[in-house]
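Worksheet: the structure to be examined is printed underneath.
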Amino acid sequence: KAGVTQTPRYLIKTRGQQVTLSCSPISGHRSVSWYQQTPGQGLQFLFEYFSETQRNKGNFPGRFSGRQFSNSRSEMNVSTLELGDSALYLCASSRDSGRIGTDTQYFGPGTRLTVL
Amino acid sequence: GQNIDQPTEMTATEGAIVQINCTYQTSGFNGLFWYQQHAGEAPTFLSYNVLDGLEEKGRFSSFLSRSKGYSYLLLKELQMKDSASYLCAVRPLRIGGYQKVTFGTGTKLQVIP
């Protein structure tokens, strides 16, 4: 079974631009979560989608948004990029069928975003 | 809210045993996860504990005490490739909604010859 895939893997943008990152979950997984990871900050939760609905949201400004499609694929968008947005953006999927253990998250390889 | 504490860094010798501790405070509890993350890579799932006790999986074992809000990851027969960050994550109890998983900041383990 294929793992979580994320595109693109690397991205370089300039301040003020916007960016869209894509995540394809493991087949059969309905939950997709997004995280930002910077050195020394650990994994910061952005948001989670389940069956096309945003189920949880972290403490990030409105410039960060996301969505999930009917096939469970998800995108996140960052508008008006700032230097501080440079980070590794990770997507994680889980089956989350309600049974114990199915909420285990499996991570994609991430998209490394550099803002110049 | 949730609060998770792990040591920032640890060093251990190849072939030895190391224990990485994690303490947490949550409004409820529904499971604890351990992940391994090598530098520049994504976290990979190691273990999941929902009941008290020890879960063994090869060289890695994870222990949970819900009453103490405490878990540890035990790595035996350390190998150089075990040098990585180890992340503890907690899923609070679902009450009238859905609670997100919260990650600790991770413990960076360095294995030396």
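The values are calculated or read from the model by the stated rules, or taken from the named source; none is laboratory data. Everything numeric here is computed off the predicted structure, so don't read it as measured data. Note that each Cβ is placed from the backbone with ideal geometry, even for glycine, and that neighbours are counted across all protein chains shown.
Where strands (runs of 3 or more DSSP E) fall wholly inside region B:13-69, the ranges with 2 or more residues that are away from chain A (no Cβ under 14 Å) are B:18-25, B:53-57, B:60-65. Which residues, taken from region B:15-32, are touching an Asp or Glu at 6+ places or on another chain (Cβ under 9 Å) and not hydroxyl-bearing (S, T, Y)? B:G15, B:A16, B:I17, B:V18, B:N21, B:C22, B:Q25, B:N30, B:G31, listed by residue number. All of (1) within 11 Å of chain B (Cβ to nearest Cβ); (2) in a loop (DSSP other than H, G, I, E, B); (3) touching a residue at least 60 places away in the same chain (Cβ under 8 Å); (4) not polar (S, T, N, Q) hold for A:L81 with one exception: (1).
Filtering region A:86-100 to residues that are under 18 Å from B:Q36 (Cα atoms) and either surrounded by fewer than 19 Cβ atoms within 10 Å (Cβ to Cβ) or more than 11 Å from chain B (Cβ to nearest Cβ) (or both) leaves A:L88, A:S93. Please verify whether region B:77-84 includes one or more residues that are among the small types (G, A, S), more than 11 Å from every other protein chain (Cβ to nearest Cβ) and under 13 Å from the mean Cα position of the chain (by Cα). The answer is yes, given that some residue of region B:77-84 is among the small types (G, A, S), more than 11 Å from every other protein chain (Cβ to nearest Cβ) and under 13 Å from the mean Cα position of the chain (by Cα). As for region A:56-74, it holds at least one residue that is part of a strand (DSSP E or B), surrounded by 14 or more Cβ atoms within 10 Å (Cβ to Cβ) and at pLDDT below 95.
Only residues that are exposed (fewer than 15 other Cβ atoms within 10 Å of the Cβ) and over 16 Å from B:P43 (Cα atoms): list them for region A:34-55, please.
A:S51, A:E52, A:T53, A:Q54
In region B:85-106, the qualifying residues are those that are under 16 Å from A:Q105 (Cβ atoms) and either surrounded by fewer than 14 Cβ atoms within 10 Å (Cβ to Cβ) or more than 10 Å from chain A (Cβ to nearest Cβ) (or both), and the one that is modelled with the lowest pLDDT is B:R94.
Specify which of the listed residues (A:G42, A:G3) is free of Cβ contacts under 8 Å to residues at least 12 places away in the same chain and in contact with a Gly (Cβ under 8 Å, 6 or more places away or on another chain). Every option except A:G42 fails the conditions. From the list A:R67, A:R73, the one residue that fits, being within 17 Å of A:D96 (Cα to Cα), basic (K, R) and either out of contact with any Gly (no Cβ under 7 Å at 6 or more places or on another chain) or within 11 Å of chain B (Cβ to nearest Cβ) (or both), is A:R73.
Residues in region A:79-104 that are over 17 Å from A:T5 (Cβ atoms), touching a Ser or Thr at 6+ places or on another chain (Cβ under 8 Å) and not acidic (D, E): 6 in all. Considering A:Q105, A:Q54, which residue is within 14 Å of chain B (Cβ to nearest Cβ) and in contact (Cβ under 8 Å) with a residue 40 or more places away in the chain? Result of the check over A:Q105, A:Q54: A:Q105.
If the condition is being modelled with pLDDT under 95 and among the charged types (D, E, K, R), then region B:66-84 contributes B:R66, B:K68.
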